[in-house]
Amino acid sequence: MKAAKKYWKGLVVVVAAMAMFAWACSSGNGTGSVGGSADEIIEERGLTDEDVAAAVSTYTPSGVLDEYVMFASGGHSGQVFVIGMPSMRLLKTIGVFTPEPWQGWGYGSVAQEEIFASGNAGGQDLAWADTHHPALSETEGDYDGEWLFINDKANARVATIDLRDFETKQFVKNPIALNDHGGTMVTPDTEWIIEGGQYAAPLGWEYAPLESYNDEYKGMVTLWKFDRESGRIDENASFALELPPYWQDLCDAGKLASDGWIVCNSFNTERATGVDPADPENTEPIEAGASANENDYLHVINLEKAAEVAANGGTTEVNGFPVVPLETSIDEGLLYFVPEPKSPHGADVTPDGEYIVVAGKLDPHVTIYSWDKILGAIEAGDLETDEYGVPIIPLDTAKEAQVELGLGPLHTQFDDQGYAYTSLFLDSAIARWKLGDWTLEGSIPVQYNIGHLAAAEGDTVSPDGKYVVALNKWSIDRFFHPGPLYPQNFQLIDVTNVDPDSDTNGMQLLYDMPIGMGEPHYAQIIKADKLEPWAVYPEVGWDPETQSVKADAPQAGNEGVVRDGNNVTVNMTAIRSHFAPERVEVNQGDHVTWNITNVDTSEDATHGFAMPGYNISLSLEPGETQTVEFDATQSGVFTYYCSEFCSALHLEMAGYFLVNSG
Ligand code: RUQ
Ligand code: CUA
């Protein structure tokens, strides 16, 4: 890790120098009046030919729709960002693990409260998440535009989002682990959603002292079974594999040639656990301890066989969840290791499923493993094992090639011309290299310190090419900085052209998009015409939780208030521009069930329902019904109102909720 730190410091100096240079060059440009002919504007703003080409490549005239849609993790926001490409316009933030007031996500809806409750852990109401890897559902290895999954690294949760209404439908909390990382990735027909672990700990959140790390701490990978019919992860058909206490990292599902298998890279096979204050000899921080060895282990897992073993009872229970013990995995031939050089990151299966690309954060190469060779080695047997008894396939046996790309390689995606693209964190660049030839073709600088990259459908069996987005962690001199917390930077790159004579091999930077809402980790980019979201809900009284009409949803004509003892039920409709009823009176202490349907059926005619003092905010999209329940603990006069500017008389869309203290 020392080497990395040095580079890092050097980089900061270089970056600072570049910043000053950029500032000196750009002062005087980019301001002043514009207007007049295109030529005059170009002249006035001092734009180069490249600038102009970039501008016209992304400029999307009013009313023209984007060709691609990017789903980016929202990082700390716990949400998902939906971004149109190439315009890079933010279209929506999908409320996932964090309440989202505009969508009324988590502000009173009974159905949503149940979803939030299902994601709680340790007796805590979890109100944030660290979303990392969105995964679009696939059919035969290609995005089908139906579902989206995303993991919460902080709390080991996975969410299911329905792309008919772009709303979250489900959380599953991992019963055996508190945090995760290698999720979510889907198998080619979305039968399984992968959630790999990260920091080893005793399974089931038990206590064990760090002295017993080697025996009692475990790694894990969880396989969630997705049921397309119900649109939910079936927790009862899911299972996990116990793994050695190495820090499993990024996973990927095999496809075509490697269908039925999954791979996960790992680090800290050294099992460093940090500086021990009680032991003056142990002064090694985790970053150094975990980077000591030349190799860690790529985990190669026979998912098809593991699912059989789990289905046939080859599991033990941890916290009520079936886990295949490590010995079983070894006996049944479910798990193999292959060494991977120097603090690896990323494990990306090529579009044909023939190869696995693993980057070494502290190695300038990517290592390409041949699926054929791995299977051959498994077939041949006679393998040495690690200290837990897991068979190790020698690196040289499994290796197809290594390509030297630059410093700090992380993640790899693919295009339609046989190129692979790898992010280089320390070099702040994206390298383009040729599959099969295993040759570096060129690199394009990015600003700065890229983590993931996303290519259009770039992790499927048929990548589109055209665009790659760099998900940069640092933005230093790229934007006005709003205080010391800087935005992240998404950079859109055109990868259509191949030009060996150009500095960047023909790749061109088109656009910088600041993201000031969390650290997006990964994104997936789908052709927009594969998505078929509803414009309005199919019928009035639609319950987004069940995606069907709710039998007792209020409808025009049956509105009213019903009292049964201390229970008051309000049946309300919303239509431009009034609520019915407009007066509701209850007694302090009554339990109130408030059903409300937006009976408007025109596109975009959303009403909001805001109830001050009771923390209630709903978004009622055309046709939608919702139910809130609360105790009228606070007496007074509460004016509920519509919080979406829905018509000229939107301000008049209000009513009185009177809580009588008697
Ligand atoms: S990781 S920057 Cu959370 Cu996906 Cu590699
Ligand atoms: Cu409905 Cu404003």
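Observations
- Condition met for T627 (away from ligand 2 (no atom under 15 Å from the Cβ) and part of a strand (DSSP E or B)): yes
- Filter result for E138 (surrounded by fewer than 21 Cβ atoms within 10 Å (Cβ to Cβ) and modelled with pLDDT of 95 or more): no
Residues checked against (1) surrounded by fewer than 18 Cβ atoms within 10 Å (Cβ to Cβ); (2) within 26 Å of G78 (Cβ to Cβ); (3) over 18 Å from the mean Cα position of the chain (by Cα):
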| position | (1), (2), (3) |
| --- | --- |
| N449 | no, yes, yes |
| H452 | no, yes, no |
| A455 | no, yes, no |
| D499 | yes, no, yes |
| S502 | yes, no, yes |
| M517 | yes, yes, no |
| I526 | no, yes, no |
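- Restricting the stretch 245-257 to residues that are under 12 Å from D348 (Cα atoms) and outside any strand (DSSP E or B), the residue that is farthest from ligand 2 (Cβ to nearest atom): G254
- Filter result for P612 (more than 9 Å from ligand 2 (Cβ to nearest atom), closer than 28 Å to E545 by Cα and either surrounded by fewer than 15 Cβ atoms within 10 Å (Cβ to Cβ) or not assigned by TED's automatic domain parsing to the domain that holds E559 (or both)): yes
- Selection count, the stretch 633-662, where residues are more than 17 Å from R576 (Cβ to Cβ), in a loop (DSSP other than H, G, I, E, B) and in contact with a Phe, Trp or Tyr (Cβ under 8 Å, 6 or more places away or on another chain): 1
- Of the residues examined, A311 is not one that is surrounded by fewer than 16 Cβ atoms within 10 Å (Cβ to Cβ), outside the structural domain of D180 (by TED's automatic domain parsing) and either touching a Phe, Trp or Tyr at 6+ places or on another chain (Cβ under 8 Å) or of a type outside the set (D, E, K, R) (or both).
- If you go through the stretch 528-558 and keep only what is touching a residue at least 40 places away in the same chain (Cβ under 8 Å) and over 30 Å from the mean Cα position of the chain (by Cα), you end up with E539, V540, G541, K550, D552, A553, P554, Q555, A556.
- Selection within the stretch 55-106 - out of contact with any helix residue (DSSP H, G or I) (no Cβ under 8 Å at 6 or more places or on another chain) and among the hydroxyl-bearing types (S, T, Y): S57, T58, Y59, T60, S62, S73, S77, T93, T98
- Only one entry in D600, D604 is in a loop (DSSP other than H, G, I, E, B), surrounded by 13 or more Cβ atoms within 10 Å (Cβ to Cβ) and in the same structural domain as K550 (by TED's automatic domain parsing), namely D600.
- Test: S428 is buried (at least 22 other Cβ atoms within 10 Å of the Cβ), among the hydroxyl-bearing types (S, T, Y) and either modelled with pLDDT under 95 or away from ligand 2 (no atom under 16 Å from the Cβ) (or both): yes
The values are calculated or read from the model by the stated rules, or taken from the named source; none is laboratory data. Not measured: the values here are computed from a predicted model. Cβ sites come from the backbone with ideal geometry, for glycine too, and all protein chains shown count toward neighbours.
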